[in-house]
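What follows is one structure encoded as structure tokens, with my remarks underneath.
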Amino acid sequence: MTTTHQAPVTSVRAEIAALLVGGPTLWFRYRGLSILTDPTFDPPGMYPGEATLRKLSGPAVHPDILGPVDIVLLSHDQHADNLDRSGRAYLSTAGTVLSTTDAAARINYVHGLENWESVVIETPDDGWVVVTGVPARPGPARSESVTGLVTGFVVQSSGWPTVYISGDNTSLTAVERVAEHFVQIDVAVLYTGAANTGRFGDLDSTFNARTALLAAELLADAVIVPIHAEGWSHYSETLDRLTREFEYGREARRLRIPQPGRLFNV
């Protein structure tokens, strides 16, 4: 793995095999590498803290079924709905773990990325995958002082679709900057569900249906894969609500709604 501030810009429309484990945990195969977002493998339970979180359902797939994972894309490490107890233990089994610079300071085998910083990872076919850290903000302006740092990611490889993973984010400005920075986003994995623990009153820490639609509009023709919308009690909007909003906005054709535990293609 090497670090760079440059990223390739070529991409194509092609299918990527993916599987939703649950919540924010999505597995997908990309140029021979297996990639996993925000590992959450605990059974249902409670997570006390400044805001008590309640996990309502366990993973649809046990991590052993997924097999070895080459890359974990961890949007942040400080909230249990993005990294629960089993997920935290799982990190040490992955080939490469990418996250925020704060997470890297707390977990010694995590590689932290600044915004727009990239790493190059070799693939089994002697090619490469570039992963770039991109802006994300889980709440109103300057909310990072409360929530801590969060990152999104863009995954690229020549001849493969460019994939954007929002992480916990409500900032449309961040999405706009991603759309401007990369020539084309082919697939956008958006953290939805209007997650709200009450720390910012009625303001959410992930996209609600309306802002997810606005984000999709900023991302041109990208296929939209919404995750982070089931399995925890503080997710305040359902995927049915999001689907209706996309239907009203005449963008439903772009949605790929994953069913936990079932392989699908994007």
- line: For A215, the net charge from surrounding residues (Cβ-Cβ under 11 Å; K, R +1; D, E -1) works out to -2
message: What are the ³J(HN,Hα) couplings of segment 54-64, residue after residue, when phi is run through the Karplus curve with 6.51, -1.76, 1.60 and θ = phi - 60°? Round to Hz, x for glycine and proline.
response: 10, 8, 9, 9, x, x, 6, 9, 5, x, 4
- prompt: Sorted by packing (mean other beta-carbon atoms within 10 Å per residue), highest first, where do 69-80, 88-99 land?
  reply: 69-80, 88-99
statement: Of 174-180, 148-154, ordering from highest average Cβ density within 10 Å down gives 148-154, 174-180
- prompt: If you roll a 1.4 Å probe over the heavy atoms of the protein chains, what accessible area per residue do you get for the chain, in Å²?
  reply: 42 Å²
message: How would the chain be classified by its alpha-carbon gyration tensor: rounded, prolate or oblate, with rounded meaning a/c under 1.5 and the a/b versus b/c comparison settling the rest?
response: rounded
- request: Of the options T206, G148, H181, report the single residue whose Cα projects farthest towards the positive end of the charge dipole of the chain (beta-carbon charges: Lys, Arg +1; Asp, Glu -1).
  value: T206
query: From the backbone phi of segment 226-237, what are the Karplus-calculated ³J(HN,Hα) couplings (6.51 cos²θ - 1.76 cosθ + 1.60, θ = phi - 60°) in whole Hz, Gly and Pro given as x?
result: x, 10, 6, 9, 8, x, 9, 6, 8, 7, 9, 10
field: Sequence-separation-based contact order of the chain, relative, with Cα cut under 8 Å and 6+ spacing, percent
entry: 21 percent
- request: Roll a 1.4 angstrom probe over the protein heavy atoms and tell me the percent of accessible area of the chain that is carbon or sulfur.
  value: 49 percent
query: Using unit Cβ charges (K, R positive; D, E negative) and no other charged atoms, how large, in debye to the nearest 20, is the dipole of the chain about its Cα centre?
result: 360 debye
field: Under-5 Å amide H pairs with G23, H placed in peptide plane, nonlocal only
entry: H228, A229, E230
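The values are calculated or read from the model by the stated rules, or taken from the named source; none is laboratory data. As the structure is a computational prediction, the values presented were derived from the model and not from experiment. Please note: Cβ atoms are built from the backbone with ideal geometry, for glycine as well, and neighbour counts cover all protein chains shown. Only protein heavy atoms, including side chains, enter the accessible area calculation; ligands, DNA and RNA are left aside. Shrake-Rupley method; radii C 1.70, N 1.55, O 1.52, S 1.80 Å.
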